[in-house]
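The structure under discussion appears below in the form of structure tokens.
The values are calculated or read from the model by the stated rules, or taken from the named source; none is laboratory data. Keep in mind that this is a model prediction, so the values were computed, not measured. Note that each Cβ is placed from the backbone with ideal geometry, even for glycine, and that neighbours are counted across all protein chains shown. Heavy atoms of the whole protein, side chains included, go into the accessibility calculation; ligands, DNA and RNA do not. Shrake-Rupley method; radii C 1.70, N 1.55, O 1.52, S 1.80 Å.
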Amino acid sequence: MSKTTMDFTQEIGTIKPMHGVGQPPFTGIDFSMCDYLKEAHIPYSRLHDVGGAFGGNLYVDIPNLFRDFSRDPEDPESYDFAFTDLLINALVERGIEPFFRLGVTIENHRKIKAYRIDPPSDYEKWARICEGVIRHYTEGWANGFNYKITYWEIWNEPDNFENPKENQMWAGTPEDYYRLYEVASKHLKERFPHLKIGGYASCGFYAITDSQTNVGACSPRYQYFIDFLDGFLEYIKAHNCPLDFFSWHSYADIEANLQWATYARKRLDDVGYESAEHTLNEWNFHPELKGTIRHAALTCGMLLALQGTSLDSAMFYDARCNMGIYAGLFDCVSFKPLPTFYSFVAFGELYKRSKQIQIGELPEGVYACASRDADGCIVMANVTEEEKAIELDLIGVKHITECKIITDGAVWEDYEFKSKLPAESVIFIKVKL
């Protein structure tokens, strides 16, 4: 058995905010479950699909914040911030920065009738409405706040389906969205040059890996995702649009996401957006495994693997507390954490210490990351169904002070590490330097 070296004297970078989440957990107007996000040192919560269908008619969506499009965007009385204020306050009070999606919630039953996913009738006015929202939360306008909310995302998944009659997020053409992005991004960036304006929450790059494994078998929908991206980048480059960040989504496995992160970075660089960040701000893997140790291990493995990519951030979909399979962190009856929540707690410990240290070769199927500050910590995930032998050579470490494993009871349990990782496991180790 070969040794895996972890050299706490060699810093190789900074732990990035890979453990952001989608919708924060709350029930009604009780936001106390957001305390769990604070416990896990969650850096960002993306505000999309918040509050249920149509944003619960209360939260975040532009039609909820500005209910009558005929009103004047310069008039504070045109806006309804009441419930979204409560949500934003709850996050900020717990040290979680909102990642604000400007747009609407997905309409899963749009084949019956679409309500809010048509392109705005007046793009310039829509941009001014978004300006009012940003002013309220960052400049104190309309009895508002001076919060640090850095990221403002223009719409979500306009590429969801090629046929506008099937698209659950955007009932217009690709060119309609490109134009909306141009108008809104230029207006908002001119008005708020210090903030980060971007989009467009791409559905992902499944065609890349599909075409590698089964040439010619890529679905037309997956190919459309790529075509939409090509058109978007060509358009915004030709029209000199700002792009502070590009967001994309994935429900694929670890290896696919590693390839897709490289692909996204290269596409941005190739068209001259080298300074644009990119964020995987909606992801999950095998969400149907919600509540199991296997899901915890796969999720932790993803977090650790993404740290090694060019990504600037990532956000798990999602942190809601309900019966849906994507709500993978909390039990919808007891409101208690599921095993996967502790994968975020573990990564949060890495993030809290911030300084990433050098790690040597790992066994296949094992992912690991370590960081240091006054002390150090290690997080390891075995995503396989087999026990893995691993002997650690800890350089610069005086001794191990704590070792824990995630259990079926969704708790951290003390664990005696003896050069092996159980199948489908997450291990957290704290060390004295």
Candidates per GluC sites (Glu not before Pro) in segment 148-232, loop by DSSP, up to 13 other Cβ within 10 Å: Glu166
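What accessible area per residue comes out for the chain, rounded to a whole number of Å², with a 1.4 Å probe?
It amounts to 40 Å² per residue over the chain.
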In the full protein assembly as shown, how much of Ile400 is accessible to a 1.4 Å probe, in Å² to the nearest 10? 80
Return the FRET efficiency for the residue pair His286, Arg71: r is the Cβ-Cβ distance, R0 is 51 Å, and the value is rounded to the nearest 0.05. 0.70
Sort all Cα-Cα distances of segment 330-433 into consecutive 5 angstrom bins from zero, then give the percent of pairs in each bin up to the one containing the longest distance. 3, 12, 23, 25, 20, 11, 5, 2, 1, 0
Run the numbers for Asp253 and Asp230: contour at 0.36 nm per residue of separation, minus the present Cα-Cα distance, in nm. 5.9 nm
The percentage of Cα-Cα pairs in segment 1-87 separated by more than 20 Å is 54
Normalised contact order of segment 263-378, rounded percent, pairs of Cα under 8 Å and 6 or more residues apart: 22
Which value, in debye to the nearest 20, gives the size of the charge dipole of segment 1-107 about its Cα centre, when Lys and Arg are +1 and Asp and Glu are -1 at the Cβ? 600
Count the lysine pairs in segment 313-431 whose Cα atoms sit under 12 Å apart, keeping only pairs 8 or more residues apart in sequence or on different chains. 4
Tell me which trypsin sites (Lys or Arg not before Pro) from segment 98-204 have a DSSP coil assignment and no more than 13 other beta carbons within 10 Å of their own. Lys111, Lys113, Lys148, Lys165
Label point at Ser354 placed 7 Å out along Cα→Cβ; residues across segment 1-44 whose backbone nitrogen lies under 17 Å: 11-19, 41-44
Segment 221-263 to segment 358-432: how many Å between their Cα centroids? 34
Can you tell me the dipole magnitude for the chain around its Cα centre, using point charges on the Cβ only (Lys, Arg +1; Asp, Glu -1), in Debye to the nearest 20? 480
The FRET efficiency for Asn89 and Asp373, from their Cβ-Cβ distance with R0 = 25 Å and rounded to 0.05, is 0.25
Quick one: length gained pulling Asp269 to Glu386 fully straight, 0.36 nm per residue minus the C-alpha distance? 38.1 nm
Treating the beta-carbon of each Lys and Arg as +1 and of each Asp and Glu as -1, no other charges, what is the dipole magnitude of segment 202-352 about its Cα centre, to the nearest 20 debye? 420
Which helices, taking whole DSSP H runs in the chain, have alpha carbons extending 20 angstrom or more along the helix axis plus mean Kyte-Doolittle at least -1.0? 123-138, 220-238, 254-270, 293-307, 339-353
Considering only lysines 8 or more places apart in sequence, or on different chains, count the pairs in segment 113-195 whose C-alpha atoms sit under 28 Å apart. 8
